1. HN-Hα J couplings of the stretch 48-57 from phi, Karplus 6.51/-1.76/1.60, θ = phi - 60°, integer Hz, Gly and Pro as x?
2. At q = 0.12, 0.13, 0.20 Å⁻¹, work out log10 I(q)/I(0) for the chain with the Debye formula, treating every Cα as an identical point scatterer and leaving solvent out; two decimals please.
3. Check cross-link reach from LYS111 to the aspartates and glutamates: straight Cα distance under 17 Å, and skip same-chain residues fewer than eight apart.
4. In nm, to one decimal, how far is the modelled label at ASN42 from the one at CYS58, with both set 7 Å along Cα→Cβ?
5. Between ARG72 and GLN5, take the C-beta separation as r, use R0 = 30 Å, and let me know the FRET efficiency to the nearest 0.05.
6. Residues with amide H under 5 Å of LEU121's amide H, sequence separation 5 or more or different chain, H placed in the peptide plane at 1.01 Å from N; which?
7. Measure out, as a whole number of angstrom, how far apart the alpha-carbon centroids of the stretch 35-58 and the stretch 87-127 sit.
8. Which of the cysteines in the chain are isolated, no other cysteine C-beta under 4.7 Å?
Amino acid sequence: MTLQQPIVAPCGMNCALCQAYQGKGLACNGCGQGGERKACQNCSIRQCEHKTAFCFECAGYPCKRLKALDKRYRTRYHMSMLENLAFIQANGLEEFVRQQNEKYRCARCGKLRTVHQDHCLYCAQMDKAYR
Ligand SMILES: [Zn+2]
């Protein structure tokens, strides 16, 4: 799989793991890239006035908005923004993307799974181990 320029949103969301970015009828080309979905355009973090590359660069980190998003993702999608951000802060973006590619690789088709569904969007494999 050719690796595109990784897009990781300021909140720590890896766009490559998003079902909208994976483009199954939803079509989004990544946070801050223009053409985002409505839900992403309206994201409180995307609209944040601080405009840092990553939330941990902000004086207010971690703010209420980020904590709410983190809680929602931990509960619904078993992924933590705060953990992602801590990893990026400690190890850098490149290492983060490498780790993510390993962690979310579909055991069947080798493509990246989305955090938003319990199955691979490409081959429909269910695997709870990733959830
Ligand atoms: Zn698959």
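None of the figures in this text is laboratory data; all of them are computed from the coordinates on show. Here the structure is a predicted model, which means the values were calculated and not measured. Cβ coordinates were reconstructed from backbone atoms using ideal geometry, including for glycine residues, and neighbour counts include every protein chain displayed.
1. Each residue of the stretch 48-57 in turn: 4, 6, 6, 6, 9, 5, 9, 4, 5, 7 Hz.
2. -0.44, -0.52, -1.30
3. Partners within reach: GLU102, ASP127.
4. In this crude spin-label approximation the distance works out to 1.9 nm.
5. On the way: r = 27 Å, r/R0 = 0.89.
Plugging the Cβ-Cβ distance into 1/(1 + (r/R0)^6) gives 0.65.
6. Placed amide hydrogens put THR114 under 5 Å from LEU121.
7. Value for the Cα centre distance between the two parts: 22 Å.
8. So far as the 4.7 Å Cβ criterion goes, CYS11, CYS15, CYS18, CYS28, CYS31, CYS40, CYS43, CYS48, CYS55, CYS58, CYS63 stand without a partner in the chain.
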